[in-house]
Protein chains: 2
Amino acid sequence: MRRIGRPVHHGRPGTEGVMTVSFRLGIAGLGTVGAAVVRMVERRRAAFTAAGLDLRVTAVSSRDRTRDRGLDLAGIEWFDDPVALARSGSVDCVVELIGGAEGPAKAVVEAALDAGKPVVTANKALLARHGAALATRAEDKGVALAFEAAVAGGIPVIKTLREGLPGNTISRVYGILNGTCNYILSRMEREGLTFEACLKDAQALGYAEADPTFDVEGFDTAHKLAILTSLAFGTAVDAEGVSVEGISRVQPLDLRMADELGYRIKLLGVAQAAEAGIEQRVHPTMVPKSSAIAQVMGVTNAVTIDADAVGELTLIGPGAGGEATASAVVADIADVARGVIRPTFGIPAAAMRPSERVEMQRHEGGYYIRLTVHDRPGVAAGVAQRMAEREISLESILQRRIEGAETDPHGRSGRPVPLVLITYAATEGNIRDALDAIGADGLLAEPPQVIRIERE
Amino acid sequence: MRRIGRPVHHGRPGTEGVMTVSFRLGIAGLGTVGAAVVRMVERRRAAFTAAGLDLRVTAVSSRDRTRDRGLDLAGIEWFDDPVALARSGSVDCVVELIGGAEGPAKAVVEAALDAGKPVVTANKALLARHGAALATRAEDKGVALAFEAAVAGGIPVIKTLREGLPGNTISRVYGILNGTCNYILSRMEREGLTFEACLKDAQALGYAEADPTFDVEGFDTAHKLAILTSLAFGTAVDAEGVSVEGISRVQPLDLRMADELGYRIKLLGVAQAAEAGIEQRVHPTMVPKSSAIAQVMGVTNAVTIDADAVGELTLIGPGAGGEATASAVVADIADVARGVIRPTFGIPAAAMRPSERVEMQRHEGGYYIRLTVHDRPGVAAGVAQRMAEREISLESILQRRIEGAETDPHGRSGRPVPLVLITYAATEGNIRDALDAIGADGLLAEPPQVIRIERE
């Protein structure tokens, strides 16, 4: 075998009398995930030993030493300062589970990489903001920076994008990346409840934070999407370039209309190759009921990858939770312990293209448009006319009477009524122009609701 | 970082002035998949170069040199003898795409491993029959034996089981592993057609062989399942230990009843940890309509993994086809080129436990039982009595009149009628005993239909 410049692993790992890889872990951050990682490494000791890996947690760091985490930390070195842990001679690999794009999390990761130590992290915010710079740093030192746990929890989507599809050109990646939003939309759909009611329940169950903005307005999904985009398309992580719209404006009526029309509404993150670059968008989305992703209910996550050779690949699994996230962290640890080093985002940082943002106005796709119109003659015709002027073709148009309302001899109640349009492929710009014109015509009693349709 | 006995990769691959891995591929077998691999390696050259890999096909071998495959083989060495290709000094990695458990495929793989060369193969039959021995051979030489393409085509399920879940104890793996069977069952369900009619169409479309036995009687699924079992449970591959039942006895009536009861029928391969060992079974299976796997229609494959930390993980994608299979082969090639060597089935061959077969009689689960009974008083009571004697609890019991049949004043037609039972968890042994007793009672006009239920 000819090789240039890189050594090869040889030998039978783990069998009797043969060498075992010894790997000392420093865990920075002992929250739910950190504690689960410590327990998992201990619980799976025999299995790792059989596989030729001697993994041990030798150091931990957290803010509060006195807190009872139900962990036996005997024999494990405690660091008040996580950066000191990263630099410690008793740590081969630093596992960053502090969280946050700046501050101690960033300091720990940088200190570890600078010390030539591989890093495993679950920190989506850090990767979304500083991914390209950290990848360069890791590659300069020739060490791994692994982050399976940063996106879609226990689903091995990073591994799949980075290692599973090198023969493919990827055209689109989309997914349900936030369990809180999917839980809320699932309940709204099943029980006909409002967003506000379901959010309250999600908060009571611990699925949503006291301040839910980051989740429900789509920013968490955008962070995760930006990481997937980089892996799928070889572009520098660009979370700022994601067009973001959350689920707080979705109404029970939209979910009912979606059901009637053969769709479900999911908050999707979508990264898609377009002529001008890579579209990155997060928004409530109509997906066909028969699609794999439409079946995903509750806090579960799912990612679909469209690639030229495999066609469509869908991965479904838990997106959060201490154990599921720890599972992804521990998988990264095992890879790193085996000496597996790959470019952080699949290709060397220097080879990554800058992100080419595509304005949302240029997005082309099907649209669900729910108008609330004054109930008088010619409204539907007026709406259709404005659509036609922008060459927007309508797949269907549904007008609903309000049940129980008193009507005149023409069946009109005099009250505003919903008028729902499904369009064939049209550009966002044309849709917005048409809606502005319809508004200027005085046909609307309320601002329009616009939900994009994602086809399989 | 302390390491014992294993070198570490260092350096930034692929960026300017930095080293690139050069890797010369010998492709043995130029059928649909082989030709697709040659084309894919060429098509993706720039992407591989950017990622630090210089992959080139330098040698090919096939039976018929004169056949036009639409490939440009200029500059590629031709071998009539694939074993000579495996030993050639111009090949770093051997890609075996000949197929078959014995003969040239086995000879090529063994020759390559003996020469200390890594092997990538799509050969499920070879792995199913000789997996443990080949794994030992590969590990003795310290080279990789990779086989992502052998199971579920383009779905990265081997990678997921081998690398994605080391922190987990797996309790069950099940999946739709044969596209032909899923295509036939999907059409039977959607169009109410017979097995025979759908098989003919599948043959006309090229989804089924002229002799379809291997696919429709479940043997192909059994081969693939045996490989998944080994990876999931750390046991030696034991295809002989799989209990196999195909789809040829499934009737349109069963699909209609399944639909009414909230199920779909899929041919599943299931490997499940039980008290006495690992159950391995292939059979038509009722799966809840709401499950992810129930949505999988047509030739698509899917695998669900139940693991303690991640819970449930489902992967859905193409199970066959030249491009999808080549995608898996090329992913393996890229891994091997990066010097990634792992124990073939996740743990060293020497550490793998022998398979502990569990007799099908001891399987415990829910059952769908469709009896064809004589239409006379007391039959349902007699059936229920025999079930109760074996402590089999019934979740539901459905008796159907035959539409349009003339009946007596009691509503009886005098003709045999279907009687469908759904049981709570019961053992296969008790079910079979009860059915024998019901048969001995003279209640049955036809042999019973038994389909196992797999719960989420």
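The values are calculated or read from the model by the stated rules, or taken from the named source; none is laboratory data. None of the values given here were measured: they were computed from a predicted structure. Methodologically, a virtual Cβ is constructed for each residue, glycine included, from the backbone with ideal geometry; neighbour enumeration extends over all protein chains shown. With ligands, DNA and RNA removed, areas are computed over all heavy atoms of the protein, side chains included. Shrake-Rupley method; radii C 1.70, N 1.55, O 1.52, S 1.80 Å.
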If you count only protein heavy atoms and use a 1.4 Å probe, how large is the accessible surface of A:Arg44, to the nearest 10 Å²? 40
Run the label-point distances for B:Thr169 please: 7 Å along Cα to Cβ, every other copy, nanometres, shortest first. 4.8
Just give the residues from segment A:164-179 buried by at least 10 square angstrom of accessible area in the all-chains context relative to the isolated chain, probe 1.4 Å, and say none if nothing qualifies. A:Gly164, A:Pro166, A:Gly167, A:Asn168, A:Thr169
List, in order, the whole-Hz ³J(HN,Hα) value for each residue of segment A:166-183 obtained from phi through the Karplus relation with A = 6.51, B = -1.76, C = 1.60 and θ = phi - 60°; use x for Gly and Pro. x, x, 10, 9, 8, 9, 7, 10, 8, x, 8, 10, 10, x, 4, 5, 5, 4
Other chains near B:325-335: what is the mean number of their Cβ atoms within 10 Å of each residue's Cβ? 5
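Among DSSP beta bridges whose residues both lie in the protein assembly as shown, state the antiparallel percentage, nearest 5.
Counting only bridges with both partners in the protein assembly as shown, antiparallel ones make up about 65 percent.
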Each residue of A:336-348 has, on average, a number of other protein chain C-beta atoms within 10 Å of its C-beta equal to 6
For segment A:361-453, with every protein chain kept in place, what is the accessible area per residue (1.4 Å probe, Å²)? 49
Set Lys and Arg Cβ to +1 and Asp and Glu Cβ to -1, take the dipole of segment A:223-274 about its Cα centre, and tell me which of A:Gly262, A:Val237, A:Ala273 lies farthest positive. A:Gly262
Would you mind checking the pairs A:Lys159/B:Lys200; A:Lys200/B:Lys266; A:Lys224/B:Lys117; A:Lys159/A:Lys266 and listing those with alpha carbons more than 29 angstrom apart? A:Lys159/B:Lys200; A:Lys200/B:Lys266; A:Lys224/B:Lys117
Helical mean residue ellipticity (222 nm; -39500 (n - 2.57) per DSSP H run of 4+; nearest 500) of chain B: -10000 deg cm²/dmol
Rg ratio (alpha-carbon, reference 2.2 N^0.38 Å) - segment B:145-242: 1.24
Not counting ligands, DNA or RNA, and with a 1.4 Å probe, what is B:Glu389's accessible surface area in Å² rounded to the nearest 10? 90
For B:Ala440 paired with B:Arg45, estimate the spin-label separation in nm (one decimal), with each label point 7 Å from Cα along the Cα-to-Cβ line. 7.4
So what is the relative contact order of chain A, in percent, for Cα pairs below 8 Å that sit 6 or more residues apart? 15
Diffing segment B:345-358: the Karplus 3J(HN,Hα) column from phi (6.51, -1.76, 1.60, θ = phi - 60°), in whole Hz with x for Gly and Pro, holds 9, x, 10, x, 3, 5, 8, 6, 7, x, 5, 9, 6, 10
Probe radius 1.4 Å, ligands and nucleic acids left out: can you give me the accessible area buried at the B-A interface, summed over both chains, in Å² to the nearest hundred? 6700
Sort A:Asp64, B:Asp254 by accessible area with a 1.4 Å probe, largest first. A:Asp64, B:Asp254
May I ask what percent, to the nearest 5, of DSSP beta bridges between residues of chain A are antiparallel? 65
The percentage of Cα-Cα pairs in chain A separated by more than 36 Å is 36
Using only protein heavy atoms and a 1.4 Å probe, report how much of B:Arg264 is accessible, in Å² to the nearest 10. 50
Report the far tail of the P(r) of segment B:361-453, meaning the percent of Cα-Cα pairs longer than 15 Å. 57
Length released on extending from B:Thr32 to B:Asp201, taking residue separation times 0.36 nm less the Cα-Cα span: 58.7 nm
Along the dipole axis of the protein assembly as shown (charges at Cβ: +1 for Lys and Arg, -1 for Asp and Glu; origin at the Cα centre), the most positive-end residue among A:Pro348, A:Thr194, A:Gln251 is A:Pro348
Treating the point 7 Å from Cα along Cα-beta-carbon as the label, what are the nm separations from B:Gly414 to the other copies, to one decimal? 7.0
Which value, in debye to the nearest 20, describes the size of the charge dipole of chain B about its Cα centre when Lys and Arg Cβ atoms bear +1, Asp and Glu Cβ atoms bear -1, and nothing else is charged? 1220
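Which order do peptides A:198-205, A:142-149 fall in by mean Cβ count within 10 Å, highest first? Walk me through the numbers on the way to the answer.
Details: A:198-205: 16.8, A:142-149: 25.5.
The densest-packed peptide leads the list: A:142-149, A:198-205.
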Normalised by the residues of segment B:361-453, what does the relative contact order come to in percent, with Cα pairs under 8 Å and at least six apart? 52
Run through the other copies and list how far each one's label point is from that of A:Asp68, in nm with one decimal, shortest first; the point sits 7 Å from Cα along Cα-Cβ. 8.0
Quick check for me: using +1 on Lys/Arg Cβ and -1 on Asp/Glu Cβ, what's the dipole size of the protein assembly as shown about its Cα centre, in debye to the nearest 20? 1760
Using a 1.4 Å probe over the heavy atoms of the protein chains, calculate the carbon and sulfur portion of the accessible area of the protein assembly as shown as a whole percent. 48
Spin-label zone in segment A:358-384 - amide nitrogen under 12 Å from a point set 7 Å from the Cα of A:Gln399 along the C-beta vector: A:373-384
Which part of segment A:24-55 falls in the paramagnetic zone of A:Ala115, meaning amide N under 13 Å from the point 7 Å along Cα-to-beta-carbon? A:24-28
Once phi for every residue in segment A:66-72 is put through the Karplus expression 6.51 cos²θ - 1.76 cosθ + 1.60 (θ = phi - 60°), the whole-Hz ³J(HN,Hα) values, with Gly and Pro written as x, are 7, 5, 8, 9, x, 10, 8
Return the ratio Rg/(2.2 N^0.38 Å) for segment A:84-228, where Rg is computed over Cα atoms only. 1.22
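Please compute the volume of the convex hull spanned by the alpha-carbon atoms of the protein assembly as shown and report it per residue in Å³.
192
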